[in-house]
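Read the structure below first, then the notes.
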Amino acid sequence: MKRLLPLLAAMFISTWTSQLLAAPQVNVGLSDVIATVEKSFQPDASGITPISDVTADFFQRTILAKDQRELRGDGRMSVKMPSDRTPLMYRFEYFRPYWQEIVCDGNSLWIYHPENREVILSDVSFLYNRLSNRFPYDPESDRAVNFLQGLNRISRDFQINFASGMYDAAGNYVLELTPRRAMLNTRRIFMVVNRDSVLMYVSGKNSANTLNQASQFGAKTPLGSLQSDTFPILSTTDYDQKGNSTTIEFSNIRINNRLPLSTFTFIVPAGVQIIKPSQQNLPR
């Protein structure tokens, strides 16, 4: 019996190894990783976008190049992706290092600092609405393109390659994005793309080619469900022209929540001063 156990173990390992080697391997190229991001936010033939909105917790780390000082923050975000009918909308609520809110309905942008009892109100309709899918492509306007709004066309706005090493420690893909035209506040972006999302896209694409399936992302996901595996972006790191970097990592991700438009409207509290800067001072 003592001799039989090692023999059975060896047979099991041999069989398991053979099955593993025989399993079909998924070949993933740079174009697949890029397509996973872009097609997640592009409407299909019926006008349905795989990811129409997203809510998530975020952690933000900024490193100032001048003195290598590190600033940290975290909070909660809600984003409604742009469509043929609506512009980009978002709400970022920072819990730390201090409470603040950044809210945009596609026309107005509110930045609320409770400790100062003031809210900065800016007109951003010229920035978001003219760049939405309702308007023809304008190469000059892309200088002011908002990164969230351009996720469905990153290959058009950026030169993209795998970052050095290609993977992060967890095996997710890392892309390096360099703007095709000079951007005032962005020199390059590193994007960590969820490995599971890429494999899901590639497998779905292969299935669609062989079985003529309707969706490259498989069955439609339940509304409001936890979808960390199907949201393609795990983090982004943006380097500006001065070498400062800001990394944002996402967690507890939920997609397709059918967020009401009221989510992206800021109600000015009583006693709070409204400040309206000139359009010329807005970030571009």
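Structure summary
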| item | result |
| --- | --- |
| Meets criteria (modelled with pLDDT of 90 or more and either in contact with a Pro (Cβ under 6 Å, 6 or more places away or on another chain) or among the basic types (Lys, Arg) (or both)) for ARG61 | yes |
| Subset tally (residues that are of a type outside the set (S, T, N, Q) and over 17 Å from ASN194 (Cα atoms)) for the stretch 33-58 | 6 |
| Criterion violated by PHE217 - all others in (1) at pLDDT below 75; (2) surrounded by fewer than 18 Cβ atoms within 10 Å (Cβ to Cβ); (3) within 14 Å of ASP32 (Cα to Cα) satisfied | (2) |
| Some residue of the stretch 49-57 being within 22 Å of SER251 (Cα to Cα), modelled with pLDDT under 90 and not small (Gly, Ala, Ser) | yes |
| The stretch 117-159 - residue that is small (Gly, Ala, Ser) and closer than 20 Å to ASP240 by Cβ and, of those, modelled with the lowest pLDDT | ALA144 |
| First in the stretch 34-61 and on the phi > 0 side of the Ramachandran plot, second anywhere and at pLDDT below 95 and surrounded by fewer than 16 Cβ atoms within 10 Å (Cβ to Cβ), Cβ under 8 Å, 6 or more apart | GLY47/ASP84 |
| In the stretch 73-116, the residues that are under 21 Å from the mean Cα position of the chain (by Cα), at pLDDT 90 or above and among the polar types (S, T, N, Q) | SER78 |
| Residue count, the stretch 255-264 (criterion: under 22 Å from GLN100 (Cα atoms) and in contact with a strand residue (DSSP E or B) (Cβ under 7 Å, 6 or more places away or on another chain)) | 3 |
| Residues of the stretch 97-129 satisfying the condition of being under 20 Å from PHE58 (Cβ atoms), of a type in the set (Val, Ile, Thr) and touching a residue at least 12 places away in the same chain (Cβ under 8 Å) | ILE102, VAL103 |
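The values are calculated or read from the model by the stated rules, or taken from the named source; none is laboratory data. All of these numbers come straight from a predicted model, not from anything done at the bench. Ideal geometry is used to build each Cβ from the backbone, glycine not excepted, and the neighbour counts take in all protein chains shown.
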